[in-house]
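Quick notes on the structure that follows.
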Amino acid sequence: MEVRRTVSVKLDVDSNDAALLRETVDEFLWAANYVVDHAWQGEYKTTSKAQLQAETYDDVREQTRLHANLVQNARNKAADAVQSAVARWKQGEYAGKPHFTSPTVVYDKRCATFHDEYVSLATVEGRIEVEYLLPAADRDTPHSRYLDSDDYQVTGAELHHRDGQWFLHLRTSAEVESDTPKQATTGHRTVLGVDLGVNQLAVTSTGTFWSGHEFDHWRREYEERRGSLQQCGTRAAHENIQSVGGKETGRFKLMLHRIANGIIEEAAENGCTIIAFEELSGIRDRLPEASWGHKWAFERLYEYVKYKSELHGIDVAVVDQENTSRRCSHCGFTHPDNRDSEAFVCLKCGYENHADYNAAKNIGLRYLRRNQTGDGGGAPVGVRLNRGTLNANGEYETPAGDSGQSGSPRESPTLNEARSSDRAK
C-alpha cells in the first residue's frame with residue numbers, strides 16, 4: 001500500500017539566492033495565470049493538459065526564463081485549478097476564474113535534485129544549491145520519520161515564501177504494510193458514520209462529539225484582530241495581518257489534526273473498516289450559519305482523515321448528503337420539522353436524540369444500504385453505534401458478551417447529555 005506524507009523544511013537562503021527565487025516565483029505565477037487566461041476563453045473552458053501544453057508552451061517559453069519542466073508544472077497547476085472550477089459548476093456551485101498570487105513554485109525530480117541535507121533547484125538563472133535547516137536528529141519529528149527513513153522517497157516539492165522565510169514542502173511516498181490489515185472481503189465490514197457541523201465540528205455514529213466552540217472562539221478572535229489592523233492602514237499593519245493569518249491557519253490545522261486522529265482512533269477501537277462522510281459540495285447551503293472558515297475546516301478535516309486512515313487499513317467514503325439531518329435513523333421517516341436546532345424528534349415514531357448524532361447514524365446507514373450486497377456474496381456491512389452494530393434490515397446486534405437485548409440498542413448521548421459532555425479531543 002502506498003502512503004504519502006508531506007514534510008515542511010525551512011531553507012537556508014542567502015540574499016543572492018533569495019533574489020533568484022523571488023524572480024522564479026514571479027515568472028512561475030505569471031506562467032500559471034497566463035495558462036488560466038487562455039483556458040478561460042470562450043464559453044467552454046479548456047481543461048485538457050495536453051491541449052493547453054500545445055497551445056501555451058511556446059508562448060510561455062518565449063516570454064519567461066523558466067526551465068522547461070517548470071513551464072509544464074505551471075501548466076499543470078493552472079489546468080488543475082480550471083478543472084476544479086468546472087467540477088464545482090457541475091455541482092451547481094459558484095466558481096470564478098482562478099488567479100494565483102500565493103508565492104509558490106512546483107518542483108519535480110526533473111527540475112530539482114533532493115539530497116539528504118540540501119536541494120538543487122532550477123531558477124530563472126540556472127540551478128542553485130540550498131541547505132535544509134533541520135531539527136536535531138535525536139528528536140521524533142516528521143523529518144526523522146520520513147526524510148531520514150530509507151522507506152520514504154522524495155517525489156517532488158512545492159516552494160513557499162512566507163514571513164520573509166523560504167520553505168520547501170517535500171512530498172514523500174513509501175510502500176508500507178498496514179498496521180491494521182483490512183478484513184477479508186468475505187468477512188463483516190463495519191462503517192463509522194461522521195457528521196460535520198457548526199456547533200459540533202464532528203460527531204460519530206458511536207456518539208463521540210468534537211465541539212466547535214474552540215474553533216468559533218478563535219475564528220472570531222482572529223477576525224477582530226484583522227479588523228483592528230485594517231483600520232490602521234499602515235504597511236506594518238498590513239504585514240501584521242499576514243502574520244495573523246499564518247498563526248490562525250497554524251492553530252486551526254493543529255486542531256483539525258487532533259480531531260482527525262480522534263476519529264481514526266474511534267474507528268480503530270470499534271473495529272471499523274470504513275469511515276463515511278457526507279459529500280461536502282453545497283455544505284454552505286445546508287448549513288447557512290457556516291462561514292467560509294467552516295467549509296475550509298470541513299475540507300481539511302476530510303483530507304486529514306483520508307490520508308491518516310491509510311496506515312490503519314481503513315477506507316474513507318462519501319455518501320449523498322440529502323436529508324441526512326431530517327431523516328429518522330430509527331424508522332426512516334423524513335420531514336423538515338423532525339429537527340429543531342440540535343434536537344431531533346421524529347414526528348412519526350417519537351424517536352428523540354441529538355440531531356447531529358442522528359445524522360451521523362444516517363450517514364453510516366446510507367453507506368450501508370448503498371454497499372450491502374446481501375446473500376449474493378461480498379462482505380456484509382454494519383453501522384457501528386456506541387454499543388453493537390446496526391445492519392441493513394435495521395436489526396441491532398450487541399457485541400459478544402453484552403447483556404443488551406437484540407433489536408433494542410443502547411443509544412449514544414441524548415441531547416442534554418451531549419451538551420453536558422461536550423468536548424474537543
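Laboratory data are not the source of any read-out in this text; all were calculated from the coordinates shown. Treat the numbers as computed from the prediction; the structure is a model and nothing was measured. When we count neighbours, we look across all protein chains shown, and the Cβ atoms used for this are built from the backbone with ideal geometry, even at glycine.
Tabulated values for the structure
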read-out	value
Extension gain, residue 8 back to residue 136 (0.36 nm per residue minus Cα-Cα distance, nm)	44.6 nm
Mean projected area in nm² (Cα convex hull; one quarter of hull surface) for the stretch 1-90	8.5
Packing rank of 46-58, 306-318, where each peptide gets the mean count of other beta carbons within 10 Å, highest leading	306-318, 46-58
Ordering of 76-83, 191-198 by packing [mean C-beta count within 10 Å, highest first]	191-198, 76-83
Relative contact order (%) - criterion: Cα under 8 Å, at least six apart; region: the stretch 2-175	34
Loop trypsin sites (Lys or Arg not before Pro), the stretch 88-124, which have at most 15 other Cβ atoms in a 10 Å radius of their Cβ (DSSP)	109, 110
All Cα pairs of the stretch 2-175, percent lying beyond 28 Å	31
Sequence ranges 94-104, 4-14, 323-333, ranked by mean other-Cβ count within 10 angstrom, highest first	323-333, 4-14, 94-104
Full-extension gain in nm, residue 173 to residue 213, via 0.36 nm per residue minus C-alpha separation	10.8 nm
Long pairs among 45/109; 90/308; 97/295; 49/308; 295/348, criterion Cα-Cα beyond 24 Å	45/109; 90/308; 49/308; 295/348
